[in-house]
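Right, one structure below, let's go through it.
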Amino acid sequence: MTWIWIVLVVLIVLVGLWFTVTYNGLIRLRNLVQESWKQIDVELHRRYDLIPNLVETVKGYASHERGTFEAVTQARAAASTPGATPAEQAQQENMLTGALRQLFAVAEAYPDLKANQNFLELQRQLTETEDRIAAGRRFYNANVRAFNTKIQSVPSNVVAGLFHFTEAEYFEVDDPNIRSAPQVQF
């Protein structure tokens, strides 16, 4: 009879240990997802800070392109609004990217602007920031994948369900220009 109690206590302890380890693993992954999102947020704010300087530089050369400047300003304001989900943020970022493309298209028409050191430096910094955002997006999405897999997998889905862990959203690109194959002409 004593062996039965010992086996029962050992099983309860093992289940308790598994439960604790699984719960802590879910917390660790959730915190990692949140941390990686905050890193993207930092880079997005850096991007938002560069845009007004870029617009002002282009305005000096192409003051009659008012519609383009307003589109960039409005897209920046929408994208920098706090509290957006990753899906909403991705949609706003796509709008901002489109507006920036228009701004760079305007800049192409002004050779003096393309040679301006201020403009070139801002363009370089924006390119670096875009690269860091892309790297952050990959890191964030990898953490989301790990977290969501843990939530959906048996037996950790039991613990996730008990404590109401919900799947995290991916930060996806919806821009058809990015998803389409480039056209190469010779």
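Just so you know, all these numbers are worked out from the coordinates, no wet-lab data involved. Just so it is clear, the structure is predicted and the values come from calculations on it, not from any experiment. Quick reminder, even Gly has a Cβ in these numbers, built from the backbone with ideal geometry, and neighbours come from all protein chains shown.
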Centroid-to-centroid separation of the stretch 138-165 and the stretch 98-121 [C-alpha atoms, Å]: 44 Å
Enumerate the lysines that residue 114 could reach by cross-link, defined here as Cα to Cα under 24 Å, with residues fewer than 8 away along the same chain left out. 59
Inter-label distance, nm, simple model (7 Å from Cα along the C-beta direction), residue 64/residue 166: 5.2 nm
Treating only the Cβ atoms of Lys and Arg (+1) and Asp and Glu (-1) as charged, compute the dipole magnitude of the chain about its Cα centre; round to the nearest 20 debye. 520 debye
Convert each backbone phi in the stretch 89-105 into a coupling constant with the Karplus relation 6.51 cos²θ - 1.76 cosθ + 1.60 (shift: θ = phi - 60°), then list the ³J(HN,Hα) values in order as whole Hz, x for Gly and Pro. 4, 4, 5, 5, 5, 5, 5, 5, 4, x, 5, 5, 4, 4, 4, 5, 5
12 Å reach of a label modelled at residue 41, 7 Å along Cα-to-Cβ, counting backbone N of the stretch 53-82: 81-82
Nearby lysines by direct alpha-carbon distance to residue 150 (threshold 22 angstrom, same-chain neighbours under 8 apart not counted): 38
Which option, (1) 1.23; (2) 1.05; (3) 0.99, is the value of Rg/Rh (Cα atoms, Kirkwood Rh) that was calculated from these coordinates? (1)
